Amino acid sequence: MDGRSSSLQTGLVAKMLTVFEAAGLEKKIRPNDTVAIKLHCGEWNNSSYLRPVYARALADKIKELGGRPFVCDTTTLPYNPVASRVSGLDLLTTAERNGYSSAVLGCPFISADGYTGTDDVRVDIEDGFILKEAYIANAIASADVLIALSHFKGHPQGLVGGAIKNLGIGAQSKRGKFNVHMGGHPKYGLGAMPFHPENYGGKKADDDWRSLEEVCPYSLIHVTDDSVKWEREKCVNCLACVRPMLSRGIIELKEEWFASLNAAIADACRATIETVGRDNVGFINMAIDISPYCDCVNYSDMSIVPNLGVFAGTDPVALDKACIDKATEVAGTSGSAAEDFEVEAPGTRKFEACSILLSGMCEELQINTGVKNGLGSIDYELIEPTEKTAADFAFSPDSRYVGVRYRKHFKKIPPFPYELHNGQGFARKDSVDLESINAYQGKNGGK
Amino acid sequence: MPPKGIQNTDEIITCCRDTEAILGSDIEADWKEVLESVVEILEGMKAKFFLKTNPAVPVTNAIKKSAASLKEAAEAGETAAIPSSLEKLRADMEKLLKAAKMEGIIIT
């Protein structure tokens, strides 16, 4: 369904519930099933992550169907010098600040991989493209049903963040994320990228040299008087140092660093689905507020394309492909990164220009891997569900008309003072010149 | 094909050198200083990673535009327009240097 709204039944919450039902996802939920709603709760100061109302409405629906929902996200790698979701404590603190709490959701919000990020289930991956194993967050692996409620948008390293990434990264424990990010890999890990200590002048040339040492949780970076030493063979790819190292010209990133991660994301997504059971997993893509970067960064740029709509299905490859195709099809947003990178025209690929750090990458890396590893198919058909009625989305605690609901209340505590000013209620002028304010004045009053 | 940021940088360097040559003996010392400093900074940055990234594209696009209008002014003999064009070039270079620090950028 498209991203426009003009009535109760075409609101985005209503559309999410409509596609949930139309895609057959509600049939997956049996009485007493534990249902994990996996979403991205947003990094500290990110503002384009999914508003909690979507998860709340979905959780209410699942409860109505007899299921026991919980909303979850997982702990992350450090990712950046001031990361906010690295431990279970940080994750819940950030999630609450972003509105994800049991009070808002009507069900628990949990860190699916525990406090440190090692509460997980190790699974073998048969015929993975690059991964041979994955570490799935325990709460997700243990759930009877998994609904991936994904915010479709761009991503700095993944190019696109949609259904595949929501599980390929988001359902992996911290241990699993090290695996997917190629930590310790001799060819694709960060430690294997070109290292240029000769570009860095060390303590003598950099007043801020301490910050370079302080970003590494494993203390592998040592600044010397005139350069830097890095125990890169031990680098776990936590990414905390990437920006500080790149901006100083100390490391370079190669295409395979990006491509290998994206391939691993698709493998880990498949592992997650197989662990929960293919018949027990459903996907909803909310293609709205399409920032070029992920919800895992501490800021949100304006959308590079307009809201594309709300999609649901059981194949994450098909779903992400449909969203990418829609983004390609439409015109980019004027004044956004789409304009900066000259991809405003309909028919141009937006994410590989706007969201990625390195040029020359393809925004369908995850999708292509997903086809190769059997995760899903790029063949899709968009079926427009029948619109539901306004009554289906009325105020659910009491869906009677307000006249019926408030007649007794307003009689008991009258909010309108009929008894004053000859029954008019308030002191006001009889008539004023409204024409005089219904006119434009120009900048600074036209002076 | 080299990344767009590097392509832009090469074009800016060429443009600045062309402008210096076009102005020849008419060039003023402070104009020459700005043009040579732009070339020197960009040559130095080419060895680092930033110019290979997408964030380098919009900022180098802006410098390329400024350098081109400076060259046009030199070609047309409009020396009166040169100081303001040089100021625009210098300001755009500062934006590039700021962007290259990648302050607060997150790469997950």
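The values are calculated or read from the model by the stated rules, or taken from the named source; none is laboratory data. Since the model is a prediction, treat every value here as computed from it, not as a measurement. Here the Cβ is made from the backbone with ideal geometry for all residues, glycine too, and neighbour counts use every protein chain on show.
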Assuming A:S247 fulfils every condition listed in (1) touching a residue at least 40 places away in the same chain (Cβ under 8 Å); (2) more than 14 Å from A:G168 (Cβ to Cβ) apart from one, which condition is it? (1)
From the residues in segment B:43-100 that are without any contact (Cβ under 8 Å) to a residue 24 or more places away in the chain and of a type in the set (D, E), which one is surrounded by the most Cβ atoms within 10 Å (Cβ to Cβ)? B:E72
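Criterion first (under 19 Å from A:A59 (Cβ atoms), hydroxyl-bearing (S, T, Y) and surrounded by 24 or more Cβ atoms within 10 Å (Cβ to Cβ)) does A:Y135 satisfy it?
It is false that A:Y135 is under 19 Å from A:A59 (Cβ atoms), hydroxyl-bearing (S, T, Y) and surrounded by 24 or more Cβ atoms within 10 Å (Cβ to Cβ).
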Tally up the residues in segment A:31-56 that are free of Cβ contacts under 8 Å to residues at least 60 places away in the same chain and either surrounded by fewer than 21 Cβ atoms within 10 Å (Cβ to Cβ) or outside the structural domain of A:V160 (by TED's automatic domain parsing) (or both), please. 5
Verdict on A:K187 being buried (at least 23 other Cβ atoms within 10 Å of the Cβ) and touching a residue at least 60 places away in the same chain (Cβ under 8 Å): no
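Right, A:N262: within 14 Å of chain B (Cβ to nearest Cβ), on the phi > 0 side of the Ramachandran plot and crowded, with 21+ Cβ neighbours inside 10 Å or not? Before the answer, list the steps.
Details: within 14 Å of chain B (Cβ to nearest Cβ): yes; on the phi > 0 side of the Ramachandran plot: no; crowded, with 21+ Cβ neighbours inside 10 Å: yes.
It is false that A:N262 is within 14 Å of chain B (Cβ to nearest Cβ), on the phi > 0 side of the Ramachandran plot and crowded, with 21+ Cβ neighbours inside 10 Å.
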Is it true that B:T9 is within 14 Å of another protein chain (Cβ to nearest Cβ) and either modelled with pLDDT of 95 or more or more than 28 Å from A:F341 (Cβ to Cβ) (or both)? yes
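If I ask for residues that are buried (at least 24 other Cβ atoms within 10 Å of the Cβ) and out of contact with any His (no Cβ under 8 Å at 6 or more places or on another chain), which ones from segment A:166-184 would you list?
Our first condition is that a residue be buried (at least 24 other Cβ atoms within 10 Å of the Cβ); within segment A:166-184, this holds for A:166-174, A:176-177, A:180-182.
A:L167, A:G168, A:I169, A:A171, A:Q172, A:S173, A:K174, A:G176, A:K177, A:V180, A:H181, A:M182 - these are the residues of segment A:166-184 that are buried (at least 24 other Cβ atoms within 10 Å of the Cβ) and out of contact with any His (no Cβ under 8 Å at 6 or more places or on another chain).
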Exclusive hit being assigned to a helix (DSSP H, G or I) and hydrophobic (A, V, I, L, M, F, W, C), set A:A36, A:A14: A:A14
Condition first: surrounded by fewer than 21 Cβ atoms within 10 Å (Cβ to Cβ), part of a helix (DSSP H, G or I), in contact (Cβ under 8 Å) with a residue 40 or more places away in the chain and not charged (D, E, K, R). Now tell me which residues in segment B:1-33 satisfy that. B:I6, B:I22, B:W31
For segment A:359-410, which residues satisfy the criterion of being in a helix (DSSP H, G or I) and under 18 Å from A:G313 (Cβ atoms)? A:Q366, A:I367, A:G370, A:V371
Can you tell me which residue in segment A:369-391 is nearest to the other protein chains (Cβ to nearest Cβ), limited to those that are crowded, with 18+ Cβ neighbours inside 10 Å and of a type in the set (S, T, N, Q)? A:T369
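Condition check ((1) out of contact with any Asp or Glu (no Cβ under 8 Å at 6 or more places or on another chain); (2) among the aromatic types (F, W, Y); (3) surrounded by fewer than 23 Cβ atoms within 10 Å (Cβ to Cβ); (4) under 20 Å from A:P156 (Cβ atoms)) across all residues:
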| site | (1), (2), (3), (4) |
| --- | --- |
| A:R278 | yes, no, yes, no |
| A:I290 | yes, no, no, yes |
| A:G313 | yes, no, no, no |
| A:K321 | no, no, no, no |
Pairs returned, first residue in segment A:163-178 that is modelled with pLDDT of 95 or more, second residue that is surrounded by fewer than 24 Cβ atoms within 10 Å (Cβ to Cβ) and acidic (D, E), beta-carbon separation under 8 angstrom, 6 or more apart or interchain, are A:S173/A:D119
Return the residues of segment A:306-362 that are within 14 Å of chain B (Cβ to nearest Cβ) and among the aromatic types (F, W, Y); say none if nothing qualifies. A:F341, A:F351
